[in-house]
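Below: the structure, in structure tokens.
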Amino acid sequence: MMVLVGLSLAVTAVPLVGCSTGTTDGVGAAAADRRIAHVVFIDHEIICPSVKKVSNATWIELQKVVASRDIKVTRIHKDRQANLARKYTTLKPTGAVPAIYFLARDGALVELLGGEQTAEQIAAVLDRGVSVEEGKASGRD
């Protein structure tokens, strides 16, 4: 006969005394590295007319917003440039058309918008510019 004995460990989270959740120069520099430096717009070149209309309208809205900003913008037609699109769709897959990937200078995903978007919605993401990971850590998920 075999008897299994289980051990139970209790872990308690204790706040560290003297730690601050405020911004320091190092943290501010890290946040600056998470500003959006590149926007990748992924759609399809050959698609039904109604989706094509939405994609083109969203592309125009994106162009309006980035015109006065120092941000690289790339448009990829997923049906014609699948290998190039895969680089971004593996970051966070989506079936939305179009998909707009907002990336930090180091290529990390900051935000993803899918479907029809207005200039205001796009500008809100660019103005916020906080990474997905930082947003979760600060409770802004």
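The values are calculated or read from the model by the stated rules, or taken from the named source; none is laboratory data. Since we're looking at a predicted model, the values are computed, not measured. With ideal geometry, Cβ positions are generated from the backbone for all residues, glycine too; neighbour counts draw on all protein chains shown.
Quick notes on this one:
- Flag if LYS64 is within 17 Å of ARG35 (Cα to Cα), at pLDDT 95 or above and loosely packed, with under 15 Cβ neighbours inside 10 Å: no
- Flag if ILE71 is in contact (Cβ under 8 Å) with a residue 40 or more places away in the chain, in contact with a Gly (Cβ under 6 Å, 6 or more places away or on another chain) and within 17 Å of ALA104 (Cα to Cα): no
- Unmet requirement for GLU111, which otherwise passes all of (1) modelled with pLDDT of 95 or more; (2) assigned to a loop (DSSP other than H, G, I, E, B): (2)
- Taking (1) over 21 Å from the mean Cα position of the chain (by Cα); (2) among the acidic types (Asp, Glu); (3) at pLDDT below 95 in turn, GLU45 satisfies each apart from (3).
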